[in-house]
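Below is one structure, written out as structure tokens, with a few remarks after it.
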Amino acid sequence: MRGIRVYCLALACVLGVAFSAPALGAGKSQAAKARPAAARVFRVGVLEAGPNWVHEKMLEALETAFKAKGWGDRVIFPPDARKTGAWNKGGRNQTQAYAAELMARQDLDCIIGMGTEAALALMAKNNRHTPVVAMTLSDPIASGLVKNEQDSGVDNLTTAIIPDQWLNMLRMFYSVVHFKKLGVIYTNTRPGRTYANVEDARDVAREKGVPLLEYSSLEGEATAAQCMKGLDALIAKGMDAFYVPDIPCFDWTGNDPRPLFEHLAKHKVSTFARTGVALVQLGALMGSCSFDMRPLGEFHAAQMIAIFQGRKPRELSMITKGDLGLALNLETARKIGRDFSSDVLVSSDVIVSRTLSLDSVRKWY
């Protein structure tokens, strides 16, 4: 999602050796035990291009993982080193300024780039030595952040890559609904295209021999009005399936996506939510339920501890596993006149019998 996400160590061991006075009747002195060195504490900055619920869950999972690994009191996140921009032009300029500010600080052992645009901003202002861990990225390779699955291409950068994650989600969507015309909406920038996994959608459309309908005129804010305009443009072209991107109008923590889902259901459009169960509970027909941040938290915590212990970010493996999982909304299926096969129902991980209120979902999470 942006698109849901540290490092460095130089453990100074100071060994003090003291000698006791000769004991009565002894001819030699005894060495006292060395005093243990205090464990170093590492300071971590966080940059977000804009608020997103996935970011909060990622940081919670990260802190939980540090505690489980015995590092809970050795990694701190100074409040003045957490910076958040906004999903508009002014906010994006501010994100660049925040990136420069964090990169200029001498008291940070590592910086987390939370989301694609934040990570790209840090690379644009890179001081080439402060470790950067990019988290919750829509597509690290397609966004141009990293070179390939084996090499980040930048000495002080690492991230997590789940190979073919979004491609497989789109394939799963097709295998269930066999859409005739798939629609996507996005802001026509490199990060904007990754939030909608446009290249993956194009690949699956070619693979399945169906048209991909694209609306690329969203502005950075991606307001509900902008998104509704884009959806109507695609509905007019005969869209029968829509891949829900990770953009503000579908971010249930700050906005209400239910009118958009209701509008799509009215026009019998099947929907797939890439960012998990919450959107299925709010009206998407189906979606991934793989947004359990705990495995990613453990993965990134292990990366960071390795860096704290002297490893270079670029040396670390970026490949991690991801389980797709499938969530279904039966009420939405009834609205659009779709029946799930028994195989799909049995293989699904979460079945939502009715769409929930926004308050219920927010309280649940």
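The values are calculated or read from the model by the stated rules, or taken from the named source; none is laboratory data. Everything numeric in this text was worked out from a predicted model, so none of it was measured. Glycine gets a Cβ as well: all are built from the backbone with ideal geometry, and neighbour counts include every protein chain shown. For accessibility, only protein heavy atoms count, side chains too; no ligands or nucleic acids. Shrake-Rupley method; radii C 1.70, N 1.55, O 1.52, S 1.80 Å.
Open to solvent by 60 Å² or more (accessible area, probe 1.4 Å), modelled with pLDDT of 95 or more and either part of a helix (DSSP H, G or I) or acidic (Asp, Glu) (or both): which single residue out of Arg202, Arg92 fits that description?
Arg202
Would you pick out the residues in region 266-295 that are open to solvent by less than 10 Å² (accessible area, probe 1.4 Å), over 16 Å from Asp251 (Cα atoms) and small (Gly, Ala, Ser)?
Answer for region 266-295, where residues must be open to solvent by less than 10 Å² (accessible area, probe 1.4 Å), over 16 Å from Asp251 (Cα atoms) and small (Gly, Ala, Ser): just Ser270.
Looking at region 39-61, can you tell me whether even one residue there is at pLDDT below 95 and over 30 Å from Leu218 (Cβ atoms)?
Yes, some residue in region 39-61 is at pLDDT below 95 and over 30 Å from Leu218 (Cβ atoms).
Considering each residue of region 220-250, count those that are open to solvent by 40 Å² or more (accessible area, probe 1.4 Å), more than 24 Å from Gly276 (Cβ to Cβ) and touching a strand residue (DSSP E or B) at 6+ places or on another chain (Cβ under 7 Å), and give that number.
Adding up the residues that qualify gives 1.
In this structure, is Met172 in contact with an Asp or Glu (Cβ under 6 Å, 6 or more places away or on another chain) and either over 30 Å from Thr223 (Cα atoms) or not small (Gly, Ala, Ser) (or both)?
No, not satisfied.
Considering only residues that are over 13 Å from Val277 (Cα atoms), within 23 Å of the chain's Cα centre (by Cα) and of a type in the set (Gly, Ala, Ser), which ones fall in region 312-359?
Residues satisfying the conditions are Ser317, Gly322.
Looking only at residues in region 146-169 that are touching a strand residue (DSSP E or B) at 6+ places or on another chain (Cβ under 6 Å) and under 30 Å from Phe179 (Cβ atoms), which one is surrounded by the most Cβ atoms within 10 Å (Cβ to Cβ)?
Among them, the one singled out is Ile161.
Taking region 104-129, which residues are among the polar types (S, T, N, Q) and surrounded by fewer than 22 Cβ atoms within 10 Å (Cβ to Cβ)?
Hits for region 104-129 are Gln106, Asn126, Asn127.
So, Ser143, is that one modelled with pLDDT under 95, in contact with a Pro (Cβ under 7 Å, 6 or more places away or on another chain) and open to solvent by less than 10 Å² (accessible area, probe 1.4 Å) or not?
Yes; evaluated as a whole, the condition is true for this residue.
I'd like to check which helices (runs of 4 or more DSSP H) are fully inside region 250-365 and have at least 2 residues that are touching a Ser or Thr at 6+ places or on another chain (Cβ under 7 Å) and of a type outside the set (Lys, Arg).
Result: 258-266, 294-308, 330-336.
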